[in-house]
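Trainee: Okay, handing you the structure first.
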């Protein structure tokens, strides 16, 4: 229905009734007591139709806005799916492909349109198909995602080992309706291991890279580990009074994630221009080489938090400040002629939050250390710690 045309017709009808009433009121053969009541009802009904038409028009406009918004969101998420760096599939409960992205088509060396209606099992090595079916049957009995490593055979290409993460989608009755698949290729050098020289390159290659500028908050995802290629990231939480509490400083070649803490509030902020590599936690679980490389880095991050807890537990503020400066010296210090320079500038407020005291107290104590010659500042206001500090 053309809503605008309907409204115009309702308005025209309403006007015609008003004109008719005025004309009929002067006709002598119509009883005067009948005319007002009849036209009053017609006029009232016409007015209701007019109001209903206007309301219908407003609702139609809202529906159009909602449809446009939904279409924009659909396009946004479609692009996220279509251009994701990893291979994604959506199949029915039997494993027949219904949706697939460009990365999947490239990985299997098959045109995207050709993949539709094909079975996922057709790309799995014959020797592993029976165990694959068994794994899927177990998946339907659980609400947990399934992680599989299988040998795949792309079209006219070399076989490769692929790491699958499979999730079941159920309807409101709990019946499986579809499967969602994430596939990542496990390269040969990943299986055989990598040398010490290539480990950092191994972590960063073929994975999403993100950059943040100094002072920018870094969005956290419990399913993602961030590996720092360059820069420094401050990790903090907040106490019940709203004060900031430092829980870590993530430096280059270190990892951090909200999955590594049980704190309800956990925030990451770039203290310099930062470059990060994103690693999905399921990949760490499935890839023994990656897990082996990242485990000591995760331990390093956790030990750092323990060191900060010990500092925070010191009774005297002077001791907290002394141990915090030693901690910063070890984590971000660089040798200079005068001693050790902290390559990031910290405000007195930030130092005070790490020491659990006030900015005024830290300003007084730093001034005292300067007078004693234990610390100084360079032209760029970076703190320099003397060797005796």
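What follows is calculated from the coordinates using simple rules that are stated; it is not laboratory data. These figures come from a predicted structure and were not determined experimentally. Cβ atoms come from the backbone with ideal geometry, glycine included; neighbour counts cover every protein chain shown.
Trainee: Starting from the Cα of residue 74, step 7 Å along the direction of its Cβ; do the same at residue 153; then give the gap between the two resulting points in nm.
Mentor: Distance between label points: 3.9 nm.
Trainee: Within 10 Å of each residue's Cβ, count the other Cβ atoms and sort 146, 381 from fewest upward.
Mentor: 381, 146
Trainee: May I pose another question? Report the gain in length on full extension from residue 137 to residue 55: 0.36 nm times residue separation, minus Cα-Cα distance, nm rounded to one decimal.
Mentor: Length gained, residue 137 through residue 55: 24.3 nm.
Trainee: Sort 94, 99 so the one with the fewest other Cβ atoms within 10 Å of its own Cβ comes first.
Mentor: In order of increasing Cβ crowding within 10 Å: 94, 99.
Trainee: In nm, to one decimal, how far is the residue 217 label point from the residue 83 one, both placed 7 Å along Cα→Cβ?
Mentor: Label at residue 217, label at residue 83, 2.6 nm between them.
Trainee: Give the Kirkwood hydrodynamic radius (Å, one decimal) of the range 224-306, defined as one over the mean of 1/r across all pairs of different Cα atoms.
Mentor: In the range 224-306 this quantity evaluates to 13.3 Å.
Trainee: Here's a follow-up. Given N residues in the range 199-385, what is Rg(Cα) / (2.2 N^0.38 Å)? Spell out each step's value before the answer.
Mentor: Details: Rg = 17.3 Å, N = 187, 2.2 N^0.38 = 16.1 Å.
Expressed relative to 2.2 N^0.38 Å, the Cα Rg reads 1.08.
Trainee: Order by neighbour count: 217, 273, fewest other Cβ atoms within 10 Å first, most last.
Mentor: Arranged by neighbour count, lowest to highest, 217, 273 become 217, 273.
Trainee: Tell me, in nm to one decimal, what length is gained between residue 169 and residue 112 on full extension, where the rule is 0.36 nm per residue of separation less the Cα-Cα distance?
Mentor: 18.2 nm
Trainee: If I take R0 = 45 Å and measure r between the Cβ atoms of residue 185 and residue 299 in this structure, what FRET efficiency does the formula 1/(1 + (r/R0)^6) give, to the nearest 0.05? Before the final figure, lay out the partial values.
Mentor: Working: r = 28 Å, r/R0 = 0.63.
That pair, residue 185 with residue 299, gives E of 0.95.
Trainee: In Å and from the alpha-carbon atoms only, list the Rg and Dmax of the range 83-186.
Mentor: Cα radius of gyration and Dmax of the range 83-186 are 13.1, 42 Å respectively.
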